[in-house]
Amino acid sequence: MMKINGFIKASLFLGGMLFTLNTIAQELYVFTEPASNMPSKSVSIKLAAKLGEHEAPYKFMQRYTPELMFGLNKNWMVHFAPTFSNMFTSNQRWESVRTYAKYRFYSNDEVHRHFRMAAFGKASYSRNLALFDEINIEGDQSGIEGGVILTQLWNRLALSSTLGYAHSMPSKKAGISLFLPDDAFDFSLSAGYLVFPLNYTSYNQTNLNVYAELIGQRSLDMKKYVIDFAPAIQLIFNSNLKINFGYRFELKNSYMYRMMPKTYLVSIERTFLKVW
């Protein structure tokens, strides 16, 4: 009897995991977050590399971000991450630390279809000087940001939008900082499509997802804006190992001075389910 009960529990767990993978795999966006959360009671470890060039003077720049993520329950998740880069210095160094939290407050779920909404907030501390019009609190500057995320899934296609308010609080200010924006409106529109597998039969199957994301920012005190396009591909192995490749470049820039108008992103992430 105990063996039968164990088999039933294992089957239900596997079935639930396969259903979860089949419905949210295409929501694991490369450059933004969806309204859906990590699996409950799970932990993820991620390492991301952001690479690009600064044109004048020329410099090849690198930023590395190790990240620790916790799925506390079905509604709450939190992230913690430092960054290391050579973007503001001649050598690689520790430059910033940040935290991120997301609360899913609405969910309307059906079979292979759902609509979800979440609120998020993040805060960062950076050692860098304030030098650019773009407010980026993921390494460039100290600051805070908050907003909402809306995500809709239809079978193999997932669409998501993020709306947020960002405020820069640089710990060190350069002489030009009086002419830099302090507040900005962030927005994004992301699409993800599950290409493979066509049918789920095992959690060992490899997933292939493709993404296209529009990401923009408009400063509120100096009326400058930028809109980027970011295509990406993603591979998921054994349902717990994710590898991302993305490229982000400008579509439109209204006099916003930035660190890098073109960047490459490579990341690897390992998830551990049912940690506690």
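See the values below:
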| quantity | calculated |
| --- | --- |
| Residue in the range 95-104 that is free of Cβ contacts under 8 Å to residues at least 40 places away in the same chain and of a type outside the set (S, T, Y) present | yes |
| Checklist (1) of a type in the set (K, R); (2) over 23 Å from A166 (Cα atoms); (3) at pLDDT 95 or above applied to K122, failing item | (2) |
| Any hit, the range 62-83, residues being at pLDDT 90 or above, in contact with a Lys or Arg (Cβ under 6 Å, 6 or more places away or on another chain), closer than 18 Å to A130 by Cα and basic (K, R) | yes |
| Test: residue in the range 235-251 that is within 26 Å of Q62 (Cα to Cα) and in contact with a Gly (Cβ under 7 Å, 6 or more places away or on another chain) | no |
| Near pairs, Cβ below 6 angstrom, 6+ apart or cross-chain, from the range 133-144 (part of a loop (DSSP other than H, G, I, E, B)) to any residue that is basic (K, R) and surrounded by fewer than 24 Cβ atoms within 10 Å (Cβ to Cβ) | D133/K224; E134/R258 |
| Which listed residue, of K262, K242, is touching a residue at least 40 places away in the same chain (Cβ under 8 Å) and within 15 Å of the chain's Cα centre (by Cα) | K242 |
| Residue within the range 41-52 that is crowded, with 17+ Cβ neighbours inside 10 Å and polar (S, T, N, Q) present | yes |
| Which listed residue is at pLDDT 85 or above and touching a helix residue (DSSP H, G or I) at 6+ places or on another chain (Cβ under 6 Å), from S36, S44, S40 | S36 |
| Subset tally (residues that are in contact with a Lys or Arg (Cβ under 6 Å, 6 or more places away or on another chain), among the hydrophobic types (A, V, I, L, M, F, W, C) and surrounded by 15 or more Cβ atoms within 10 Å (Cβ to Cβ)) for the range 228-276 | 4 |
| Counted residues, the range 217-239 - those being over 14 Å from the mean Cα position of the chain (by Cα), assigned to a strand (DSSP E or B) and either in contact (Cβ under 8 Å) with a residue 60 or more places away in the chain or under 24 Å from Y165 (Cα atoms) (or both) | 9 |
| Qualifying position, being among the hydroxyl-bearing types (S, T, Y), farther than 26 Å from N128 by Cα and outside any loop (DSSP other than H, G, I, E, B), among Y193, Y200 | Y193 |
| Those residues of the range 95-112 which are surrounded by fewer than 19 Cβ atoms within 10 Å (Cβ to Cβ) and either β-branched (V, I, T) or at pLDDT 90 or above (or both), in sequence order | V97, T99, A101, Y103, F105, Y106, S107, N108, V111 |
| Complete set of residues in the range 77-92 that are touching a residue at least 12 places away in the same chain (Cβ under 8 Å) and closer than 18 Å to L51 by Cα | A81, P82, T83, F84, S85, N86, M87, F88, Q92 |
| Any hit, the range 56-78, residues being touching a helix residue (DSSP H, G or I) at 6+ places or on another chain (Cβ under 9 Å) and assigned to a strand (DSSP E or B) | no |
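To keep it simple, each residue is scored yes or no on (1) buried (at least 18 other Cβ atoms within 10 Å of the Cβ); (2) modelled with pLDDT of 90 or more; (3) on the phi > 0 side of the Ramachandran plot.
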| position | (1), (2), (3) |
| --- | --- |
| I135 | yes, yes, no |
| I144 | no, yes, no |
| L150 | no, yes, no |
| W154 | no, yes, no |
| A158 | yes, yes, no |
| P170 | yes, no, no |
| N199 | no, no, no |
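The values are calculated or read from the model by the stated rules, or taken from the named source; none is laboratory data. No experiment lies behind these values; they were computed from the predicted model shown. Note that each Cβ is placed from the backbone with ideal geometry, even for glycine, and that neighbours are counted across all protein chains shown.
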